[in-house]
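Here's the structure we're looking at; comments come further down.
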Amino acid sequence: QVQLVESGGGLVQPGGSLGLSCAASGRISSIYAMSWHRQAPGQERELVALVYTSGGSTNYADSVKGRFTISRDNAKNTMYLQMNNLKPEDTAVYYCRTTIYGGTQYWGQGTQVTVSS
């Protein structure tokens, strides 16, 4: 089992910045990928960014490339998402997810990000 606790959501104006954190506990050594996803009202959940624990390579959705940065601190078992130049269309509930060897996935509880003036 892996437990995930997210923090850092909130309200921000367009063009502003916000950072999200996802702290993992439990079977940390079994994690091989961590990712951020988001779901806006009436829309399907989508992948925002992903980082592999081995090597640290990353992937981003086209819509956030150049604006969002995913990172991880292995010592703190924490993943981050730095979001810059936020747009109203970034408004969604953001979820962190871990994938462990074998394919099992675990989700955080979600945190609301609202971009509005």
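Which of rounded, prolate or oblate describes the range 67-109 when judged by the alpha-carbon gyration tensor and an a/c cut-off of 1.5? Oblate, since a/c reaches 1.5 and b/c is not below a/b.
In the range 74-117, Cα pairs under 8 Å separated by at least six residues give a relative contact order of 40 percent. Computed over neighbours whose Cβ is under 15 Å from that of residue 97, the net charge equals +1, Lys and Arg +1, Asp and Glu -1.
Distance between the pseudo-spin-label points of residue 47 and residue 3 (7 Å out from Cα toward the beta carbon): 2.8 nm.
Counting Lys +1, Arg +1, Asp -1, Glu -1, what net charge surrounds residue 77 among other residues with beta carbon under 14 Å of its beta carbon?
Values: positive: 27, 72, 76; negative: 6, 73.
Taking every Cβ under 14 Å from that of residue 77, the sum is +1.
For residue 110, nonlocal amide neighbours, meaning residues 5 or more places apart or on other chains whose placed amide H falls under 5 Å from its own, are 6, 96. Coupling constants for the range 109-117 follow from the phi torsions by the Karplus curve (6.51 cos²θ - 1.76 cosθ + 1.60, θ = phi - 60°), and in residue order they are 7, x, 9, 7, 10, 10, 10, 7, 8 Hz; glycine and proline get x.
Three principal axis extents of the chain based on alpha-carbon atoms, in descending order, are 42, 26, 23 Å.
Using the Cβ atoms and a cut-off under 14 Å, what net charge is assigned to the surroundings of residue 18, where Lys and Arg are +1 and Asp and Glu are -1?
Numbers: positive: 38, 67, 87; negative: 6, 90.
Net local charge, residue 18 excluded: +1.
The mean sequence distance of close C-alpha pairs (under 8 Å, at least 6 residues apart), as a share of the length of the range 1-63, puts its relative contact order at 23 percent.
Listed peptides 6-15, 86-95 appear in the order 86-95, 6-15 once ranked by packing, highest mean of other Cβ atoms within 10 Å at the front.
Near the amide H of residue 27, within less than 5 Å, lie the amide hydrogens of 2, 3, all on another chain or at least 5 residues away, with H placed in the peptide plane. Scalar couplings 3J(HN,Hα) for the range 17-27, obtained by applying the Karplus form with A = 6.51, B = -1.76, C = 1.60 to θ = phi - 60°, are 10, 8, x, 10, 10, 9, 8, 9, 9, x, 7 Hz; x denotes Gly and Pro. Would you work out what percent of the accessible area of the chain, with all protein chains in place, is carbon or sulfur (probe 1.4 Å)? Of all accessible area on the chain, carbon and sulfur atoms account for 46 percent.
Per residue, how many Å² of accessible area does the chain show with a 1.4 Å probe?
On the way: 5940 Å² over 117 residues.
Each residue of the chain exposes 51 Å² on average to a 1.4 Å probe.
The values are calculated or read from the model by the stated rules, or taken from the named source; none is laboratory data. Small disclaimer: the values here were computed from a predicted structure and weren't measured. All Cβ positions, glycine included, derive from the backbone under ideal geometry; neighbour counts span all protein chains shown. Ligands, DNA and RNA are stripped out before the accessible areas are found, and what is left, the full protein with its side chains, is counted by its heavy atoms. Shrake-Rupley method; radii C 1.70, N 1.55, O 1.52, S 1.80 Å.
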